[in-house]
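Here the structure comes first, spelled out in structure tokens, and everything after it is commentary.
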Amino acid sequence: MSKHRRAWTIALIALAVVILAVVILAAVSDEPLRQYIEAEANSRLPGFHITIGALDLHPLTLSVALRDIVVRQDIHPDPPVVSIPKITADAELAPLLLGKIGADLRVEEPVFVVTQKHVDGLLRKGDKEVVKEEAKAWQDRLRESMAFRGAFHVTNGHMTYEEGKAASEPLRIERFDIEATNITNRPQENDEYPSELRVHASFPDQSQIHLEGRADWFAIPVPKVDADLKIERLQIKNLLPVAGRFNVQCRQGALDVNGHVRYSESSTVVAINQFQLDDAKIDYVHSAATKPKEVQRVKKAAEKAKDAHQDSTLRVKVEQGKIRDSEIGFVNKATSPDYRVFLTDMDVELENLSNRLEEGTGTLKITGKFMGSGPTVMNATFRPEKPRPDFNLNAKIVKTNVSAFNDVLRAHGDMDTHQGTFAFFSEMTVKDNQIRGYVKPMLKDVEVYDAEQDKDKALTKKVWEAVIGGALGMFENKPRDEAATVTDLSGPVENPQADTWQVVGKLVQNAFFKAILPGFERVA
């Protein structure tokens, strides 16, 4: 054997011995390394317990794989918050040749199960400022470490949110995928958003959400994101586990949205270019049991709305929105009997709604059928409040079947009607904490008492309804069998701290009951 061939043979044997030694070393170091990573993860995530089933180190391919990762919340360990079959980290050779660290991190088929107990436990846990400072310290360490570039991928993820109530359906994301590339702590100069970001989520009914844009994951003090948002045929009943906590019942409806989101420490922009909601059925349900929470929720909403209008870093705008062939209602379960006030065949068009004064005036038009029978038209213009609500509101309702109000009349006046129609006209302006306007209800051919309909009722109730029917006749215009009164609503806004939508809601509520029961209080 020649010296040249002998040298190559020795080199190959040496290389084989080195490779074998590396493989053996990797094999015996898998478990100690697994224990170390598991201990480090638990120390850096207080309130949770993390287990790693196995670790496979592959030094020849510069990769490591973690298997069967499970994350549990200490105070609510079941079900696990996260279960991940496999996480793989592959080092990239090219950046290493340039003195940089390169890695590609892949998370395969993660399953997230979040319950209301998990959320409550997380909100009770720890000091927010301490958590924020820890996050900043973590960012600083990565930013000051050796230059690196990497990518992050989540494939075929699943997520479930469970309210924890027997009657509630969980919110499920059938699949989500995340792709973030060029994640780096050394971005090029003037590259504000160096990383590309793509997020896709689909629901069991095939509705989808897309987010695509750019990000800077190491911006100080929080990551920055600038992305387009697209929602396709989202079935709003999927939102019931969340909306139900706010007394909102979403029975059906499909939502499409095109918009843009930009978030950073210095500013937040939510711009909805266009949205459309079709065939929705939504009720707000009020009850005696939830009234304290509702009052507290309204108070918090007012505070947040006030902060939003005073915060120059927040911009929210809806350029154009439509609601088609929908139904919206208010259900009152705090009375006996319960009742529902609603608008069917509802179409809504809105344009240029914003929280910023410089965006100009927004407009809103609503058409539909009040209580399923009365043609309704409402027009409103909104000027972004700074610092108080500023809007005009006109409404017209005609030819509404009065018998549709019987549950309302029974609940608030212990009476009902046999026949007749109802109409309503109103014009209102709110500016500088002052209300100027009126409501004009009209009743035509109304019969409060009917002997055939009421033959099984108690005698005292028959007498009461007969008296009310006679009293209503005192207000009638005899030639046309109409009763009409005009109520002046002018005066100061009841709650100077209320935002626009709270003021609108209160005005509608007051106007409604003044219109439904004209003159009845005078008789009583």
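Does region 152-175 contain any residue that is over 24 Å from the mean Cα position of the chain (by Cα) and surrounded by 15 or more Cβ atoms within 10 Å (Cβ to Cβ)? Lay out the reasoning, then the answer.
Kept after step one, since they are over 24 Å from the mean Cα position of the chain (by Cα), are these residues of region 152-175: 152-153, 155.
Cutting the leftovers down to surrounded by 15 or more Cβ atoms within 10 Å (Cβ to Cβ) gives us 152-153.
The answer is yes; a qualifying residue exists.
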Failed item, numbered, when HIS58 is tested on (1) under 30 Å from the mean Cα position of the chain (by Cα); (2) closer than 23 Å to ILE101 by Cα: (1)
Unique match (being touching a helix residue (DSSP H, G or I) at 6+ places or on another chain (Cβ under 7 Å) and surrounded by fewer than 19 Cβ atoms within 10 Å (Cβ to Cβ)) among THR417, THR421: THR421
Among the residues listed as LEU45, LEU105, LEU33, LEU57, the single one being touching a Leu at 6+ places or on another chain (Cβ under 6 Å), within 30 Å of THR181 (Cβ to Cβ) and modelled with pLDDT of 75 or more: LEU33
Unmet requirement for TYR449, which otherwise passes all of (1) at pLDDT below 85; (2) within 18 Å of ALA380 (Cβ to Cβ): (2)
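Given the criterion surrounded by 17 or more Cβ atoms within 10 Å (Cβ to Cβ), touching a helix residue (DSSP H, G or I) at 6+ places or on another chain (Cβ under 8 Å) and outside any helix (DSSP H, G or I), identify the matching residue among GLY259, GLY253. Reasoning before the result, please.
Numbers: GLY259 fails: touching a helix residue (DSSP H, G or I) at 6+ places or on another chain (Cβ under 8 Å).
Among GLY259, GLY253, only GLY253 is surrounded by 17 or more Cβ atoms within 10 Å (Cβ to Cβ), touching a helix residue (DSSP H, G or I) at 6+ places or on another chain (Cβ under 8 Å) and outside any helix (DSSP H, G or I).
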Within region 205-247, considering residues that are open to solvent by less than 70 Å² (accessible area, probe 1.4 Å) and assigned to a loop (DSSP other than H, G, I, E, B), the one modelled with the highest pLDDT: SER207
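If I filter region 391-410 for residues that are of a type in the set (A, V, I, L, M), within 25 Å of the chain's Cα centre (by Cα) and open to solvent by 20 Å² or more (accessible area, probe 1.4 Å), do I get at least one hit?
We begin by selecting, within region 391-410, every residue of a type in the set (A, V, I, L, M); these are 393, 395, 397-398, 402, 404, 408-409.
Next cut, within 25 Å of the chain's Cα centre (by Cα) only: none.
No: region 391-410 contains no residue that is of a type in the set (A, V, I, L, M), within 25 Å of the chain's Cα centre (by Cα) and open to solvent by 20 Å² or more (accessible area, probe 1.4 Å).
Yes or no, residue by residue, for (1) closer than 14 Å to VAL402 by Cα; (2) free of Cβ contacts under 8 Å to residues at least 24 places away in the same chain; (3) of a type in the set (A, V, I, L, M); (4) out of contact with any Pro (no Cβ under 8 Å at 6 or more places or on another chain):
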position: LYS333; (1), (2), (3), (4): no, no, no, yes
position: VAL348; (1), (2), (3), (4): no, no, yes, yes
position: THR363; (1), (2), (3), (4): no, yes, no, yes
position: THR376; (1), (2), (3), (4): no, no, no, yes
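The values are calculated or read from the model by the stated rules, or taken from the named source; none is laboratory data. Note that the structure is a prediction, hence the values are computed from the model and not measured. A quick note on method: Cβ atoms are made from the backbone with ideal geometry, for glycine too, and the neighbour counts reach across all protein chains shown. In case anyone asks, the SASA skips ligands and DNA or RNA and just uses the protein heavy atoms, side chains included. Shrake-Rupley method; radii C 1.70, N 1.55, O 1.52, S 1.80 Å.
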